[in-house]
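Down below is the structure, laid out as structure tokens.
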Amino acid sequence: MRELNPEDCGAVWISWNTDGSDVRVQKMNYCNSAGPSKGDACWLAEGHRGGHTWEHYE
């Protein structure tokens with residue numbers, strides 16, 4: 001693992017098949033949606049489906 005630069009914000013995701021094969025490591029950017037309250041931001045991956053985290057955890 002390596003530390004991400006601040007301008008490269010996002011999360012590192014690791015995925016694999018059920019048998020443990022095809023392991024993939026990728027950086028995914030955070031959703032750029034800001035909530036109605038100051039300081040709220042969605043912390044899910046960019047392009048996610050469903051509501052934003054600030055909608056669910058107000």
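Restricting attention to the stretch 22-58, and to residues there that are aliphatic (A, V, I, L, M) and closer than 14 Å to Ala11 by Cα, which single residue is most open to solvent (accessible area, probe 1.4 Å)?
Residues of the stretch 22-58 that are aliphatic (A, V, I, L, M), as a first pass: 23, 25, 28, 34, 41, 44-45.
Still in the list and also closer than 14 Å to Ala11 by Cα: 25, 28, 44-45.
Numbers: Val25: 98, Met28: 57, Leu44: 55, Ala45: 18 Å².
Among those that are aliphatic (A, V, I, L, M) and closer than 14 Å to Ala11 by Cα, it is Val25.
Hey, does the stretch 5-28 have a residue that's of a type in the set (D, E, K, R), modelled with pLDDT of 85 or more and part of a strand (DSSP E or B)?
Yes.
The values are calculated or read from the model by the stated rules, or taken from the named source; none is laboratory data. The structure displayed is predicted, hence computed values, not measured ones. Side chains are part of the model used for accessible areas, which takes the heavy atoms of the whole protein and leaves out ligands, DNA and RNA. Shrake-Rupley method; radii C 1.70, N 1.55, O 1.52, S 1.80 Å.
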